[in-house]
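Asks: My questions all concern the structure below.
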């Protein structure tokens, strides 16, 4: 495909707003060049002020672009090294589960992109890791990755509010702190049946207070040895905000490295936009974070149990397309086994919710070669440079990750 390299970028001198960098622009974007020529002079002046701490947008109506390297944290929970260290140990320590058999890492493991290769997660009472996990309580949803969840809710201009960041498939939590609390309180995910929802956080706090190392870690992170529900969830959230993967080939390309994407991946990016995928999968996180009703097929495991998952009024949140190379299977119930299956799901898709975005999808001219290109482009949104380290021990002396 013929390409034209143009210096077409713009950023504010302090880089506090979105930017448009020097790109290798393919056919989708060339039609807009005449309208953008006046940006050239401004962009050349501003280039030296830009860095990786702000999103960098490719010139396109859908504002797809790179992620910044540092996420925001809430004013009431600023991220510190001490808090991240504590949160990582809590993330791996099964002492936070009612039966001391499961940890956050049991279903969100770095070997699987902080998700798992299992259609539906298995919570308390389960054994094994990812696709080898069995027994225990069946959770009715697929475990989404924690990578980049610090950017959940990021809008098409790159702004994100850490206290208004939609979590879970049904958006029932609005921050990583709230998400952590709901998981610890869930009878199927971590609490179990032996401790009530009203009592679980007090029980967990007392367990941690009885361990000298945890008292010291909380003191280092918060200034004193007080341990309570708020501090437990703040520490876990701080660790989760540290799990950033923002240097994918696409991110490098958006920041100006014209060789970071292959010709096939650039064609896939064009086709992705032209087909209308970026109507919902837009912004640096490739998600509008809105609820949509899709004709996702039912999971046979849930059908056997007589479970009907209605989500949020039959709608589920648009997932990010980042790091999908590590997190198969896909959809809220894990019914699409491969990335290719997930892409083909949108070919001639039904529209039960009369969504304007679904109505405007156009896969009419998407042949096998174009599907290959779209798939290659989505793989280019994955970055494997995230923290994969696993603690050798945790302060409770239980097995890190629980029964995995």
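The values are calculated or read from the model by the stated rules, or taken from the named source; none is laboratory data. Treat the numbers as computed from the prediction; the structure is a model and nothing was measured. For neighbour counting, all protein chains shown are included, and Cβ atoms are generated from backbone atoms with ideal geometry for every residue, glycine included.
Asks: For segment 149-161, state whether one or more residues are touching a strand residue (DSSP E or B) at 6+ places or on another chain (Cβ under 6 Å) and either at pLDDT below 95 or closer than 19 Å to residue 238 by Cα (or both). Show your work before the answer.
Replies: Just the residues of segment 149-161 that are touching a strand residue (DSSP E or B) at 6+ places or on another chain (Cβ under 6 Å), to begin with: none.
Scanning segment 149-161, I find no residue that is touching a strand residue (DSSP E or B) at 6+ places or on another chain (Cβ under 6 Å) and either at pLDDT below 95 or closer than 19 Å to residue 238 by Cα (or both), so the answer is no.
Asks: Considering each residue of segment 241-264, count those that are assigned to a helix (DSSP H, G or I) and buried (at least 23 other Cβ atoms within 10 Å of the Cβ), and give that number.
Replies: 5
Asks: Which one is modelled with the lowest pLDDT among residues in segment 277-293 that are surrounded by fewer than 22 Cβ atoms within 10 Å (Cβ to Cβ) and over 17 Å from the mean Cα position of the chain (by Cα)?
Replies: Applying the filter and picking the extreme gives 279.
Asks: If you don't mind, another one. I'm told residue 38 meets every condition in (1) buried (at least 24 other Cβ atoms within 10 Å of the Cβ); (2) at pLDDT below 95 except one. Can you identify the failing condition by its number?
Replies: Only one criterion in (1) buried (at least 24 other Cβ atoms within 10 Å of the Cβ); (2) at pLDDT below 95 is unmet by residue 38, namely (1).
Asks: Among helices (runs of 4 or more DSSP H) lying entirely in segment 172-240, which contain 1 or more residues that are surrounded by fewer than 23 Cβ atoms within 10 Å (Cβ to Cβ) and in contact with a strand residue (DSSP E or B) (Cβ under 6 Å, 6 or more places away or on another chain)? Explain how you work it out, then say what you get.
Replies: Details: elements: 176-185, 200-209, 212-222.
Per the criteria, 176-185.
Asks: Residues 373, 328, 300, 337: which one is touching a helix residue (DSSP H, G or I) at 6+ places or on another chain (Cβ under 6 Å) and modelled with pLDDT of 95 or more? Don't jump to the end; show me each part of the working.
Replies: Details: 328 fails: touching a helix residue (DSSP H, G or I) at 6+ places or on another chain (Cβ under 6 Å); 300 fails: touching a helix residue (DSSP H, G or I) at 6+ places or on another chain (Cβ under 6 Å); 337 fails: touching a helix residue (DSSP H, G or I) at 6+ places or on another chain (Cβ under 6 Å).
Step by step, each of 373, 328, 300, 337 is checked, and only 373 is touching a helix residue (DSSP H, G or I) at 6+ places or on another chain (Cβ under 6 Å) and modelled with pLDDT of 95 or more.
Asks: Please determine whether any residue of segment 113-133 is under 29 Å from residue 52 (Cα atoms) and in a helix (DSSP H, G or I).
Replies: No, segment 113-133 has no match at all.
Asks: Check 317, 322, 267 and return the single one that is over 23 Å from the mean Cα position of the chain (by Cα), buried (at least 21 other Cβ atoms within 10 Å of the Cβ) and touching a residue at least 40 places away in the same chain (Cβ under 8 Å).
Replies: Numbers: 317 fails: over 23 Å from the mean Cα position of the chain (by Cα); 322 fails: over 23 Å from the mean Cα position of the chain (by Cα).
Residue meeting the stated conditions: 267.
Asks: Something else about it: Does segment 356-373 contain any residue that is in the same structural domain as residue 296 (by TED's automatic domain parsing), closer than 26 Å to residue 295 by Cβ and crowded, with 21+ Cβ neighbours inside 10 Å? Working first, answer last.
Replies: Taking segment 356-373 first, the residues in the same structural domain as residue 296 (by TED's automatic domain parsing) are 356-373.
From what is left, the residues that are closer than 26 Å to residue 295 by Cβ are 356-368, 370-373.
Pick out the ones that are also crowded, with 21+ Cβ neighbours inside 10 Å and you get 373.
Yes; the residues of segment 356-373 include at least one that is in the same structural domain as residue 296 (by TED's automatic domain parsing), closer than 26 Å to residue 295 by Cβ and crowded, with 21+ Cβ neighbours inside 10 Å.
Asks: Go through segment 294-310 and report how many residues are part of a loop (DSSP other than H, G, I, E, B) and surrounded by fewer than 16 Cβ atoms within 10 Å (Cβ to Cβ).
Replies: Looking only at that region, the number is 7.
Asks: Also: What's the total number of residues in segment 134-159 that are touching a helix residue (DSSP H, G or I) at 6+ places or on another chain (Cβ under 7 Å) and either assigned to a strand (DSSP E or B) or surrounded by fewer than 21 Cβ atoms within 10 Å (Cβ to Cβ) (or both)?
Replies: The qualifying residues number 4.
Asks: Same structure again: Could you check residue 383 against (1) surrounded by 20 or more Cβ atoms within 10 Å (Cβ to Cβ); (2) touching a residue at least 60 places away in the same chain (Cβ under 8 Å); (3) in contact with a strand residue (DSSP E or B) (Cβ under 6 Å, 6 or more places away or on another chain) and say which number it fails?
Replies: Condition not satisfied by residue 383: (3).
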